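The values are calculated or read from the model by the stated rules, or taken from the named source; none is laboratory data. Remember, it's a predicted structure, so these values are computed and weren't measured experimentally. Cβ coordinates were reconstructed from backbone atoms using ideal geometry, including for glycine residues, and neighbour counts include every protein chain displayed. Ligands, DNA and RNA are stripped out before the accessible areas are found, and what is left, the full protein with its side chains, is counted by its heavy atoms. Shrake-Rupley method; radii C 1.70, N 1.55, O 1.52, S 1.80 Å.
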Amino acid sequence: MNESLEEALNIFLRTYKEIFTVKSVMDFLAYFDCKVSKQEIIKFIESNEKVFVLEKNMYITRAGAFSDMYFSFTLLQQEIDQGVFVPGDRLMPFVDNDCLSCSYTFEYNHKMLPHKIFETDPSTAKSLFILYGEEYSAQYIAADPINEDLNLVNNNFELPPHVQLTGISLSEIQKDFKLKKGDRILCKVVDWNKGIIRIQPLADNKEKKLQYEEKDILLQQWNELLETSILNSLKCIGPCNSIEQQLSFVFYEYRKELCTKDCGSIHEFLDYTKKVGIESFGVETRIWKKGEDVPAIGDWNRDFHYDQTDCNQVIKLPDYVLDCYLKDFLYDKKNDIEMHLEEIFPIFNTMSDKDKKVLTLQIISRNDILRERYNWFADFSVGLIRKRILKLYEKVRFLVSEVEVLGKKMESLPQQELVTLSQLFTHILKLLELLSLDYEVSSEEKSAIELSIEGMECNFEDVKFQLKKAIDKYQAEQFKVI
């Protein structure tokens, strides 16, 4: 997919608000003189998290799903004292999750509110980004432009004792309201593409006791509905790719009931509920049943996991992984590619002669293309890192193949270790995709990648011991003494 086509598709996903079909997309692309097949469009939109797949071959964008939908959050005492609020994860899942929260524009009484710096402790700062995943909160904080000099890698990913965050000034609102802790800010996205959010403070007035009690009852009902909705989501589709994605499905499906002017907030809900919490999911976190481990396999993905045992899955290899292997051979000055094909494809020697010949010709052709532009000196700084991650990739891939051979018995394995193994495999592939690109890695990026690899190596050794122990136990039980 070329850049102009992808750009046109992204414009569509960011601005189109109505329910649409593939034909709607093709008609839109016609204005840009972009030619693309129906299958390419389906593949693009159905793999894009900015799209909800509906019934009868229909779709809706996040922009269409969440524009003009109400959501809210409550103010912290620290924020009121400093006259500022931090968007953080409070806009989730109604906005573009790929943008920094401080990049959004907030409108109050037809005025755009200015930015203001918020100062706090690490614990409070992390709590404002917890829905991105506790494991990533420090990285989101470090990505704030005010923290451009903060080097998490050199500080072992620990935040300093005093943290600054880019927030939104409350000065205009405080001219009209005497704000206090717990006062609610009602929000709605009025321009999803540009990231413009209109806000209205809902300050409690306890002198109007009956009105206050009514709001309290409505908030409890909202919390109960969200609790039921999330539990239904977990039962039907299991844990999603992120907390944000899970919430997006819930709030879209129940938007008429949840996105009202009497809505609560996700942070308040998590304080209220005794059934839902943020739980460990391998090396990450997800929304799940409070106090329970998030399983790797359930009704939502059981058939998918068993289908992966097909040998054809082992042969398939992403192009960027193949490129990394071939660049590694060039780095080591290995010229006879045919002698090293089994390193790339462990089942190479079990393939038919015809398949071997076709695969060998394809790889030699790709290697010739890479060799033409390969520069050993330019690759020197990346070469050792790539070699290290490929070595880990082979170990993880082998363990994954051992696990998949078990089929249905996979469910008897330790679930958290199984989740971690899957996450390691995904993270390794992302790193290999990055290292397959032809660009110079900065010393800071190099340190971050090396630290990441070191962490993955440690995690792998931990899960390998537990999974191998379970696999060996299962295999031993298959033998009976006669």
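In this model, which of K126/K188; K290/K468; K387/K464; K395/K430 are farther than 19 Å apart at the alpha-carbon?
Distance filter (> 19 Å) returns K126/K188; K290/K468; K387/K464.
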1.4 Å probe accessible area per residue over the chain, in Å²: 55 Å²
Range of Cα positions in the chain per principal axis (Å), largest first: 83, 64, 52
For region 52-135, alpha-carbon Rg relative to the globular expectation (2.2 N^0.38 Å, N residues): 1.31
Rg to Rh quotient for region 1-79, alpha carbon positions, Kirkwood Rh: 1.13
Between 0 and 90°, nearest 10: helix 3-15 axis offset from the chain longest Cα axis: 30 degrees
At 1.002 mPa s and 20 °C, Stokes D of region 67-198 from Kirkwood alpha-carbon radius, µm² per second: 141 µm²/s
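Out of the DSSP beta bridges found with both residues in the chain, what percent are antiparallel (nearest 5)?
Working: 32 of 36 bridges.
Among the beta bridges of the chain, antiparallel pairing accounts for roughly 90 percent.
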Label-to-label distance, nm, for residues given as E55 and D176 (7 Å Cα→Cβ offset): 4.2 nm
Region 228-299 - Debye-derived log10 I(q)/I(0), Cα point model, q = 0.16 Å⁻¹: -0.55
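What number results when the radius of gyration of region 3-144, computed over Cα atoms, is divided by 2.2 N^0.38 Å?
Dividing the Cα radius of gyration by 2.2 N^0.38 Å gives 1.29.
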Nearest 10 degrees, 0 to 90: helix 209-237 Cα axis against the chain principal axis: 10 degrees
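Take every Cα pair under 8 Å in region 68-132 that's 6+ residues apart, average their separations, divide by the length, and report that relative contact order as a whole percent. Could the numbers behind the result be given before it?
On the way: 38 pairs, mean separation 25.2, N = 65.
So the answer I get is 39 percent.
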Degrees, to the nearest 10: 443-477 long Cα axis against longest axis of the chain: 70 degrees
Cross-link reach list, aspartates and glutamates versus K333, counting only Cα pairs under 20 Å and skipping chain neighbours closer than eight places: D323, E342, E343, D368, E372, D379, D438
Listed residue (I453, A142, M69) projecting farthest to the positive dipole end of the chain, Cβ model: M69
Accessible area of the chain belonging to carbon and sulfur atoms, whole % at 1.4 Å probe: 51 percent
